[in-house]
Amino acid sequence: MSNTTAVLARKRRHVRVRRKVRGTPERLRLNVYRSANHIYAQVIDDTIGHTVASAHDMEPGIEGGTKTERAASVGKTVAERAKAKGVETVVFDRGGYKFHGRVQALADAAREAGLGF
């Protein structure tokens, strides 16, 4: 499978997931984007298209040696920022990625930090 085929397959999966996953004002969407070296997370209100909180692993204060450890730190950070804005529960948008590895580490850390989903 070539790289472009893999990217297109992930985008197809993401569209399929997004048919069901919508962020509402009561329950915002926690979106994850994973590149080869970095990971990004956003809490989004889809009704107005507004990002409430975000975090990525290149920020100062995000610690961890491995990519998985950094992903967990991003999950904790985005959960803390969302809770500071009054967000208690979210719906998790895995972005077409398998719920495995870095994506799972980010989700588990967000749950441990008090974000419900």
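The numbers here are math on the coordinates, done by the rules we state, and not lab data. This one's a predicted model, so the numbers in the text were calculated from it and none came from an experiment. Neighbour counts are summed over all protein chains in view; Cβ atoms, including those assigned to glycine, are modelled from backbone coordinates with ideal geometry.
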Förster-model FRET efficiency, 22 Å R0, Met58 and Arg16, C-beta, rounded to 0.05: 0.15
Calculate, in nm to one decimal, what Ala36 and Lys85 gain on full extension: separation in residues at 0.36 nm each, minus their alpha carbon distance. 14.6 nm
Taking θ = phi - 60°, what integer Hz values does the Karplus form 6.51 cos²θ - 1.76 cosθ + 1.60 yield along segment 28-34, in sequence order, with x for Gly and Pro? 6, 9, 9, 9, 10, 10, 10
If the only charges are +1 at each Lys and Arg Cβ and -1 at each Asp and Glu Cβ, what is the size of the charge dipole of the chain around the Cα centre, to the nearest 20 debye? 760 debye
All Cα pairs of segment 62-117, percent lying beyond 16 Å: 37 percent
For segment 1-68, treating each Cα as an identical point scatterer without solvent, what Debye log10 I(q)/I(0) comes out at q = 0.26 1/Å? -1.12
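Would you compute, from DSSP H runs of 4+ residues alone, the mean residue ellipticity of the chain at 222 nm, taking -39500 (n - 2.57) per run and dividing by the full residue count, rounded to the nearest 500?
Theoretical 222 nm ellipticity from helices: -12500 deg cm²/dmol.
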Just the Cα atoms of the chain: what Rg and Dmax do they give in Å? 13.8, 43
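Could you tell me the number of lysine pairs in segment 3-112 with C-alpha atoms less than 22 Å from each other, where the two lysines are 8 or more residues apart or belong to different chains? Let's see the in-between values first.
On the way: Lys11/Lys20; Lys11/Lys98; Lys20/Lys98; Lys67/Lys76; Lys67/Lys98; Lys76/Lys85; Lys76/Lys98.
Taking segment 3-112 as the scope, the lysine pair count is 7.
Hey, fewest Cβ within 10 Å first, where do Tyr40, Tyr33 land in order?
On the way: Tyr40 19, Tyr33 16.
So the ranking, lowest neighbour count to highest, is Tyr33, Tyr40.
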Considering only the other residues whose Cβ falls under 15 Å of the Cβ of Gln104, what net charge follows from Lys and Arg at +1 and Asp and Glu at -1? +4
